[in-house]
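Undergrad: One structure, as structure tokens, below. Some questions next.
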Amino acid sequence: MRTKVNLDVVAETKEEKEIEQYLNMLHQSSEIQDFLQKMKKEAIDKNVFKYRARIKDVKSAIRTYRINGKKLDDVSDYVGISFITNNEDEIYPIISDLKKNISNGDFVDFVNEEYIYSPLVYIKWVPPLGYNILAKEPLIENEKNVPIEIRVSSKEAYISEQSAYYSVKKNDSVQMPEKERNHLRDIVQHIAYKFALLNIRELTDEQALKHEKELNDLISNNYEFLKKHEALCKEAMLDFGKLVYRCEHDKEISEDEKNLTKDEIDRIDYNLKKNFEEFLNNDKDTIIDKVYEAVKKINGIKYEEIKK
């Protein structure tokens, strides 16, 4: 399976049935589809690396409600949109246009915000994030305003966020306090971001040394905490390898998957992670060198071989 999220849920309470009814309306709404098409055109016009959009799945929304207790009016992301750019500089022209078209949004620049603060270990770090927009737009006449979350981030930030999200944040196979889970997600995401920069982006020697030092410090300063959750960290690392491959082979994979079932896509992802795990078991001395070698090897595999 692609995730370890428990979606074996059915709406039972009054609040859950309200969520179900509202989301079913969003899925059937022509106004929402028009809005998503408008966002897709923005992505095409700006030549982004990748555009993604979804209306939240009903079962996923009910699961989330049972975890955090947020009612219908409290949710911010029933419609989720991602603009994935080639670098940070490409973020701001998109934001400039979105500000003209989304009047009710809160625009938060996580690229230039200097620090994220972690109350668990009292450290600060530069966040591997992008630009977030939270809005409630009156898209459907005579209905509640639609909660929309838009993320505009670089390719490396996207890889890091996704690596930590499904392996840690939405992994229902592991029970841990929500505060601890969020902290682990933040650290793992930041580690994956540094690995993405070192393995994807063209860096000067000085930049590479800086990121290597920060990565080593991040791992060593949180070693015991990461060791405690070693299985989740490993899962995130395998997701990282899968996502790097997907980004580097995006055009052929995206076109192919239009004709594949979810089970077939899940099997491809499983094979990607299995190959990356094998490549990680190389004899390099440091984790940075091990990951570099594994990324180089997996990127060298033709997509058709992975698919078979």
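Undergrad: What size of dipole, in debye to the nearest 20, comes out for the chain about its Cα centre when the only charges are +1 on Lys and Arg C-beta atoms and -1 on Asp and Glu C-beta atoms?
TA: 500
Undergrad: Suppose the Debye formula is applied to equal point scatterers at every Cα of the stretch 65-113; what is log10 I(q)/I(0) at q = 0.26 Å⁻¹?
TA: With no solvent term, the Cα-only Debye profile gives -1.12.
Undergrad: Okay, next question. Straight distance only, please: which lysines reach the Cα of Lys17 with their own Cα at less than 29 Å, same-chain residues fewer than 8 apart left out?
TA: Correct list for Lys17: Lys4, Lys56, Lys59, Lys70, Lys71, Lys136, Lys144, Lys169, Lys170, Lys179, Lys262.
Undergrad: Output the direction-averaged projected area (hull surface divided by four) of the convex hull of the alpha-carbon atoms of the chain, in nm².
TA: Quarter of the Cα hull surface area: 16.8 nm².
Undergrad: Mind checking which of Phe195, Phe107, Phe83 has the largest fluctuation in a GNM of the chain, springs on alpha carbons under 10 Å?
TA: The residue that fluctuates most here is Phe107.
Undergrad: Restrict the search to the stretch 129-198; then list the GluC sites (Glu not before Pro) that DSSP places in a loop and that have at most 16 other Cβ atoms within 10 Å of their Cβ.
TA: Passing both the DSSP loop test and the Cβ count: Glu141, Glu143.
No lab work stands behind these numbers, since they all come straight from the coordinates. Predicted model, so just to flag it, every value in this text is computed and none were measured. So basically every Cβ, Gly included, is an ideal-geometry build from the backbone, and we count neighbours across all protein chains shown.
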